[in-house]
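Let me begin by presenting the structure, written as structure tokens, before commenting on it.
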Amino acid sequence: MFPDLVEILLVEDNANDAELALYALKKHHIANHVEIVRDGAEALDYMFCTGAYAHRRIEDIPRVVLLDLKLPKVDGLEVLRRIKSDPHTCPIPVVVLTSSQEERDIVESYKLGVNSYIVKPVDFEQFVEAVRQLGLYWVVLNQAPIK
Amino acid sequence: MFQGVTADIPLSIFAAVGFALTALYVAIARRHKPTWTAGAVMLLACAELTLARALQSINPDLATRVFWYKMIYAGFTIPPTAFLYLALRYSGLGSVLTLRTKLLFSVFPVLTNAVIFTNEIHGWMWNPARTAFIVNSPDFLPVTDAGTWYWLFIAYSYFVMCLGCFFLVRLLVRSRKIYGWQASTVLVAAIPAMLGPILDIFNVSPLPPFVSTALGLAIGSISVSFLLSFLRRRDILTVSRDAITQSISDGIVVVDGDDRIADLNPAAERLMGMRAAQAIGKPLAQLSPELQSISTHQNGEVTLHHANEPRTLDLRVSAVHDWLGHVVSRVIVLRDVTDWKQAEEEIRHLNEELEQRVVDRTAQLEAANKELEAFSYSVSHDLRAPLRAIDGFSRILLEDYMPQLPPEAGRYLRIIFENTLQMGRLIDGLLAFSRLGRKPLYKQQMDTADLVRQVFDSLSSEQAGRQVEISLGELPPCQGDPVLLRQVWINLLSNALKFTRGQETAKIEIGCLTPEEGPPVYFVKDNGVGFDMQYVGKLFGVFQRLHSAEEFDGTGVGLAIVQRIIRRHGGRVWAEAKVGAGATFYFTI
């Protein structure tokens, strides 16, 4: 594996949640390189190599994007829509990882082409387990479309 | 000679009696009419002259015969004047009959009587030399024997009767146009009175002499008087219709076959802004093209602008056909619907305003609903995140740094995440509860018994290792939302299982009461800890709990959810319990 290849892009505005997710991934040795962005605009910059990420090579795509829905600036659903409507980024698996159990969020996400929708459990053990499983599935088991 | 006149004696007597009786009838039955005296007098005169005729015939003595013969003529002097009186009174000209005019009218009859009874001196009535022949002849006075006064008398009598007829006809023609045809009827009825005497005068009557005169006068006057009163009554209808046409507020325009205005009532004059005198005879198209264009087709509406403000008129057109089916006239009824239209417009306006208000209110409600949704969304999202952090980091502490922590610290950390979990459950319960209010109902026929069995099976973990006795009564099917009603049964049955935990054998009874009136009442009865009925009011409130968390876990949302679902179905839920003796929950759908 390339050490600087980003395996997971974590879009999360809540620093605690981000840290806990990172903790869970590290604990189970799933991902070595997780890039964390704090809002929707940053996420789009990263994905489309603009702004602060203008220097990034667009070919280096993450194996999976973990996307929160409630984000500052540009919200998660908009980020999802942009990713899935661009031919370069649409094959990248996007997993929504959110606190929202709202049916309309779930329905809307699937309509936009999300690959998975996971509600963050309040219980930490369950949360760690959820992150472990999805990391294992999307980063290790799942065959990504583009190498 | 003598025998010749006896033939008509019975007839004359019969006629005299008839006239007298009719006079009596007229005097009695028509006494309240102004015409009765004239009528009765006329009939009495007829009776007198026919009786005189009979007496003249049966008396052999010449002098007596002459006297009765003269009495016949005396009788003749009365009916014409009486007829004139009758006509005057009938046509409302009774006031003309003052003492003076009465005297004036009686001058000629009195003079005639004087001439009759002094005929031997001057012979003005008939040739006195022929008196014996005349009174012995069954015939009427021969024309050749008649004197000057006789002709004068006849001329005067006819003049007076014609004058009477003139007044009657004038009355009819003047009062209403529609009486026109009746005037001719009256004239026809007066013919016998005119004709009878003529027949006698010229001796061409098929009846015995004098009788046709008397009969003619009597029949004529009686039929005229009856006909008049009958026609008057009958014409109340026509006249009242005429009055309606004149007074009704709807305009009525009658046009002839050439679309020329034939009649116009006052309302139509007002609505069309023209006088009948100017309009009648003119083409409708010229006076009101708008009306013309619509009225030729059918009913409709037209707006006229003749006055300051436009008036909207509702048109009803009826065609009048002749016996061949051709349209000879059309009657156009105009109704002014301007005010009605305005009221209608006002109602429409009010309705629109009302609708707008409903739209506004709906928008407000929708906004309130959106706010609520936003609230529950942020509850689900924002309140969970800190909880997760509290739980997560205290867990990390516990797992990764336990060895470095004093034992008390570990216990405190456990308390922290136990409470975190409880708060998570509370948030979930609250969200589930609020979501229920927004979720639409999908009602369908449901097999309640089957549903209850399924729910019990799903709660098997609650029953594991316990003695649970379940008695399932008859459960009729119901109409409801399957997902929501399943939740009701889950909550009630899991409550029953939860609160019987302390019993050696949990007894749970599920059944249905079917009252005579109203919907079936489902119930879940247990032998658990029950509760104090004092607090039954709090039972269905959100987060209301009647037991401590140590005794029984739970969030206090379950029964609130049950109540909300039942209420949304239009049903009712209530409970009965006793501390330590179990509880029963009832509900209807």
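Could you tell me which of rounded, prolate or oblate describes the stretch B:1-149, using a ≥ b ≥ c as the square roots of the eigenvalues of the alpha-carbon gyration tensor, with rounded for a/c under 1.5 and, failing that, prolate when a/b is larger than b/c and oblate otherwise?
Because a/c hits 1.5 or more and a/b fails to exceed b/c, the stretch B:1-149 counts as oblate.
Which of the chymotrypsin sites (Phe, Trp or Tyr not before Pro) found in the stretch B:537-589 are in a DSSP loop and have at most 14 neighbouring Cβ atoms, other than their own, within 10 Å?
In loop regions of the stretch B:537-589 (DSSP not H, G, I, E or B), the sparsely surrounded chymotrypsin sites (Phe, Trp or Tyr not before Pro) are B:PHE543.
B:ASN119: net charge of surrounding residues, Cβ under 15 Å, Lys/Arg +1, Asp/Glu -1, itself excluded?
+1
Excluding B:HIS569 itself, calculate the net charge of residues whose Cβ lies under 12 Å from the Cβ of B:HIS569, where each Lys or Arg counts +1 and each Asp or Glu counts -1.
So the surrounding residues net to +4.
First obtain the Kirkwood hydrodynamic radius of the protein assembly as shown from its Cα pairs, then insert it into the Stokes-Einstein equation at 20 °C and 1.002 mPa s, and state the resulting D in µm² per second as a whole number.
55 µm²/s
Looking at chain B, identify the longest residue range that excludes and avoids all GluC sites (Glu not before Pro) in DSSP loops having at most 15 other Cβ atoms within 10 Å.
B:1-473
Checking the cross-link filter: which aspartates and glutamates have an alpha carbon closer than 18 Å to that of B:LYS498, excluding same-chain neighbours under 8 positions apart?
Cross-link targets: B:ASP457, B:GLU462, B:GLU469, B:GLU509, B:ASP526, B:ASP532, B:GLU550, B:GLU551, B:ASP553, B:GLU576.
Kirkwood hydrodynamic radius of the stretch B:265-423 from all distinct Cα pairs, in Å?
Averaging 1/r across every pair of different Cα atoms and inverting gives 24.0 Å.
What Kirkwood radius, in Å to one decimal, follows from the Cα pairs of chain B?
This gives a value of 36.5 Å.
Exposure proxy check: B:THR514, B:THR101, A:THR89 ranked by fewest other beta carbons within 10 Å?
Arranged by neighbour count, lowest to highest, B:THR514, B:THR101, A:THR89 become B:THR514, B:THR101, A:THR89.
Report the convex hull volume per residue for the stretch B:476-589, counting only C-alpha atoms, in Å³.
106 Å³
So which GluC sites (Glu not before Pro) in the stretch A:38-86 end up in coil per DSSP with only 12 or fewer other C-beta atoms within 10 Å?
Answer in residue order: A:GLU59.
Once you compute Rg and the Kirkwood Rh from C-alpha atoms, what is the Rg to Rh ratio for the stretch B:284-374?
1.39
Let me confirm the definition first: pairs of Lys residues in chain A, 8 or more apart or on different chains, C-alpha distance under 27 Å. How many are there?
So the count of such lysine pairs works out to 17.
Which of the helices in chain B meet the span-like rule: DSSP H, Cα axial reach of 20 Å or more, Kyte-Doolittle mean at least 0.0?
B:9-29, B:36-58, B:62-76, B:99-117, B:148-175, B:180-201, B:211-247, B:407-438, B:482-499
Which percent, nearest 5, of DSSP beta bridges in the protein assembly as shown are antiparallel?
The antiparallel proportion sits near 65 percent.
Kirkwood Rh, Cα Rg: Rg to Rh for the stretch A:1-113?
That ratio is 0.94, to two decimals.
From other protein chains only, count the Cβ atoms within 10 Å of every residue's Cβ in A:116-129, then give the mean.
The shielding value for this peptide is 5.
Loop sites only, by DSSP: take the trypsin sites (Lys or Arg not before Pro) in chain B that have at most 13 other C-beta atoms within 10 Å and name the longest stretch containing none of them.
With a cap of 13 other Cβ atoms within 10 Å, the longest stretch comes to B:276-465.
In whole Å, what is the distance between the alpha-carbon centres of the stretch B:353-413 and the stretch B:442-475?
The two parts, judged by their Cα centres, are 33 Å apart.
Coordinate-derived values only; no laboratory data. Everything numeric here is computed off the predicted structure, so don't read it as measured data. So basically every Cβ, Gly included, is an ideal-geometry build from the backbone, and we count neighbours across all protein chains shown.
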